[in-house]
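The structure under discussion appears below in the form of structure tokens.
Readers should treat all values here as calculations from the given coordinates under stated rules, not as data from a laboratory. The shown structure was predicted, so the numbers you read here are calculated from the model rather than taken from an experiment. Neighbour counts are summed over all protein chains in view; Cβ atoms, including those assigned to glycine, are modelled from backbone coordinates with ideal geometry.
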Amino acid sequence: MVLTHESFRRLCRARDLLRELREPSPSIEELARSVQISPFHFIRQFEAVFGLTPHQFRIQSRMELAKHLLAMGQHSVTDVCMEVGFSSLGSFSALFTRRVGETPSAYGRRVR
């Protein structure tokens, strides 16, 4: 796949939008519109450039922020859950445990 400088710049802008913790999060269609390509091509190009789909990237960014906040030790797991954009503590904890290999509270205790 050949990617122009302008296309790469637009994908980087979309990546930055995915990192933001806006609510509601921008949809794939909104992000694709912002980079002026179809949603299908956006997902394909984003994954080719960054190695993750936009959804995977969004989740990874949120998990990294959650790990940072838990390591600081100034927030409860519930606060971290809400801060990183999850509305369900159970979903957040289950996903965190699958991705990190330990519960959020165990992770926070271990890294402090």
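Overview of results
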read-out	value
Extension gain (nm, one decimal) between F40 and M72, 0.36 nm per residue minus Cα-Cα	7.7 nm
Region 1-108: trypsin sites (Lys or Arg not before Pro) in DSSP loop, at most 11 other beta carbons within 10 Å	R22
The chain: angle of helix 5-19 to the longest principal axis, Cα-based, in degrees nearest 10	20 degrees
Selection from V35, M82, F57, by position along the positive dipole direction of the chain (Cβ)	F57
